[in-house]
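Q: Submitted below is the structure of interest, expressed as structure tokens.
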Amino acid sequence: MVELYIEFKGAELDNILEVKNLSVGFNIDDNFYYVLNKIDLSFEKGKIHCIAGESGCGKSVFLNTVLRLLPKNAEVKSGEIYYNKDNILEMSESKFNTYRGSKIVLIPQDPFTSLNPLYTIENQLLEINSLKNISNKKEIVKNALNDVKIKNIDNVLNSYPHELSGGMKQRIIIAMALISNADLILADEPTTALDVTVSNSILNLLSEFKNNGKTVVLITHDLSVAYNYSDTTTVMYLGDIVERSDSQQIFKNPLHPYTKALLNALPAKRGKTLENIKGQISPITQPVSGCKFHPRCNNVFDKCKSVKPVIENINGDCVACMLYGK
């Protein structure tokens, strides 16, 4: 089995975030159901790392675990999460509060509910922790808004969130991340509620973080986003990692049937019929034995239904599938 918190091509790198043997689940009606299953991942500094998969695969739960923002019925059963070698799961809440929002920040998927409707944009930006006890804070705020390509800055600062478009609100949230000067940016499908042209501009802004030496973990269900904007891609299905590799490699030569199905569902050349993935993702209250993708897989055989595949290294691409298992 390949340990993915050691970089998947074999060389140990300078990682800002390392996740080891992470298992998380929810207590529902006196039963416990796993949502993340023994996740091992590493994230190299100064890169954009994409985590892809359908809704219900555990992507957002993973980010909320890193941020320690899980709901009350959630429980971390095992694992360690290291940010710059510090295990954040063992920190006191008061200590981690010095990390959250300053060293590690979240760009949420819904800009419409992410800003306080009762305060102006200026009031909300000036309250960012990193600006405390700084005399020229308004100048810093204006510079950040300029960096995210916002025009008429004074008008925007005096506006309330409901007076701005979704794209403008998402730019303001990205400006908050800039002001915080965080090293690690967690972007949870930040373009979901936006149209295509605005989405592209937001993704380009995220690329600027990488250019400035920051690390971005980008959640998406669209592998074309991974191909165009990220350095590595991890594909998840029902809380398991099924494939991980260089983003260009995954797009050109996918190995796992689920990765192939996601790519075949992308719009391509005119005249080509889009391929649906048969069936639906199983709810967590109905655990699937063996390979969790087997009820929907076109390559399924008997062993897939009872034996869970382990991750194997196939020419630098990490994949968990019986087609490649020993």
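The values are calculated or read from the model by the stated rules, or taken from the named source; none is laboratory data. Here the structure is a predicted model, which means the values were calculated and not measured. Here Cβ is always computed from backbone atoms with ideal geometry, including for glycine, and neighbour counts include all displayed protein chains. Ligands, DNA and RNA are stripped out before the accessible areas are found, and what is left, the full protein with its side chains, is counted by its heavy atoms. Shrake-Rupley method; radii C 1.70, N 1.55, O 1.52, S 1.80 Å.
Q: Mind checking whether some residue in segment 95-104 is touching a residue at least 12 places away in the same chain (Cβ under 8 Å), in contact with a Gly (Cβ under 8 Å, 6 or more places away or on another chain) and not hydrophobic (A, V, I, L, M, F, W, C)?
A: Checked segment 95-104: no residue is touching a residue at least 12 places away in the same chain (Cβ under 8 Å), in contact with a Gly (Cβ under 8 Å, 6 or more places away or on another chain) and not hydrophobic (A, V, I, L, M, F, W, C).
Q: Would you mind finding the one in T192, T234 that is under 16 Å from S55 (Cα atoms), hydroxyl-bearing (S, T, Y) and in contact with a strand residue (DSSP E or B) (Cβ under 7 Å, 6 or more places away or on another chain)? Explain how you work it out, then say what you get.
A: Values: T192 fails: in contact with a strand residue (DSSP E or B) (Cβ under 7 Å, 6 or more places away or on another chain).
Unique residue meeting the criteria: T234.
Q: Moving to a separate point now. Kindly indicate whether K103 is under 14 Å from I179 (Cβ atoms), modelled with pLDDT of 90 or more and of a type in the set (K, R).
A: Working: under 14 Å from I179 (Cβ atoms): yes; modelled with pLDDT of 90 or more: yes; of a type in the set (K, R): yes.
It is true that K103 is under 14 Å from I179 (Cβ atoms), modelled with pLDDT of 90 or more and of a type in the set (K, R).
Q: I've got another one for you. How many of the residues in segment 76-89 are open to solvent by 60 Å² or more (accessible area, probe 1.4 Å), at pLDDT 95 or above and out of contact with any helix residue (DSSP H, G or I) (no Cβ under 8 Å at 6 or more places or on another chain)?
A: Residues flagged as open to solvent by 60 Å² or more (accessible area, probe 1.4 Å), at pLDDT 95 or above and out of contact with any helix residue (DSSP H, G or I) (no Cβ under 8 Å at 6 or more places or on another chain) within segment 76-89 amount to 1.
Q: Does segment 96-119 contain any residue that is open to solvent by 10 Å² or more (accessible area, probe 1.4 Å), out of contact with any Phe, Trp or Tyr (no Cβ under 9 Å at 6 or more places or on another chain) and over 28 Å from L164 (Cα atoms)?
A: yes
Q: Same structure, new question: Quickly run through segment 19-34 and pick out the residues that are in contact (Cβ under 8 Å) with a residue 12 or more places away in the chain and farther than 18 Å from I311 by Cα. Even if it seems obvious, please write down each step before you answer.
A: Let us first name the residues in segment 19-34 that are in contact (Cβ under 8 Å) with a residue 12 or more places away in the chain, namely 19-28, 31-34.
Across segment 19-34, the qualifying residues are V24, G25, F26, N27, I28, N31, F32, Y33, Y34.
Q: Counting only residues that are hydroxyl-bearing (S, T, Y) and surrounded by 11 or more Cβ atoms within 10 Å (Cβ to Cβ), which one in segment 277-298 is farthest from D29 (Cα to Cα)? First the steps, then the outcome.
A: Kept after step one, since they are hydroxyl-bearing (S, T, Y), are these residues of segment 277-298: 282, 285, 289.
Keeping just the survivors that are surrounded by 11 or more Cβ atoms within 10 Å (Cβ to Cβ) gives 282, 289.
Working: S282: 18, S289: 21 Å.
Among those that are hydroxyl-bearing (S, T, Y) and surrounded by 11 or more Cβ atoms within 10 Å (Cβ to Cβ), it is S289.
Q: Let me ask another. Do we find that K149 is within 25 Å of the chain's Cα centre (by Cα), outside any helix (DSSP H, G or I), among the basic types (K, R) and closer than 26 Å to L186 by Cβ in this structure? Walk me through how you get there before you give the answer.
A: Values: within 25 Å of the chain's Cα centre (by Cα): yes; outside any helix (DSSP H, G or I): yes; among the basic types (K, R): yes; closer than 26 Å to L186 by Cβ: yes.
So K149 fits the description; yes.
Q: Of everything in segment 306-323 that's in a loop (DSSP other than H, G, I, E, B) and either open to solvent by less than 50 Å² (accessible area, probe 1.4 Å) or touching a Pro at 6+ places or on another chain (Cβ under 8 Å) (or both), which residue is farthest from P254 (Cα to Cα)?
A: Residues of segment 306-323 that are in a loop (DSSP other than H, G, I, E, B), as a first pass: 306-311, 315-316, 320-323.
Filter once more, keeping what is either open to solvent by less than 50 Å² (accessible area, probe 1.4 Å) or touching a Pro at 6+ places or on another chain (Cβ under 8 Å) (or both): 309, 311, 316, 320-323.
Details: P309: 17, I311: 15, G316: 12, A320: 12, C321: 12, M322: 15, L323: 13 Å.
Filtering segment 306-323 for residues that are in a loop (DSSP other than H, G, I, E, B) and either open to solvent by less than 50 Å² (accessible area, probe 1.4 Å) or touching a Pro at 6+ places or on another chain (Cβ under 8 Å) (or both), the one farthest from P254 (Cα to Cα) comes out as P309.
Q: With the requirement that a residue be of a type in the set (V, I, T) and open to solvent by 20 Å² or more (accessible area, probe 1.4 Å), what does segment 160-192 give you? If you could, list the steps in order and put the result at the bottom.
A: In the first step, residues of segment 160-192 are kept if they are of a type in the set (V, I, T); the result is 172-174, 179, 185, 191-192.
Within segment 160-192, T191, T192 meet the criteria.
Q: Are there any helices (runs of 4 or more DSSP H) wholly within segment 187-283 with 1 or more residues that are within 16 Å of the chain's Cα centre (by Cα) and touching a residue at least 24 places away in the same chain (Cβ under 8 Å), and if so which? If you could, list the steps in order and put the result at the bottom.
A: On the way: elements: 196-211, 223-229, 247-252, 257-264.
Those helices (runs of 4 or more DSSP H) span 196-211, 223-229, 247-252.
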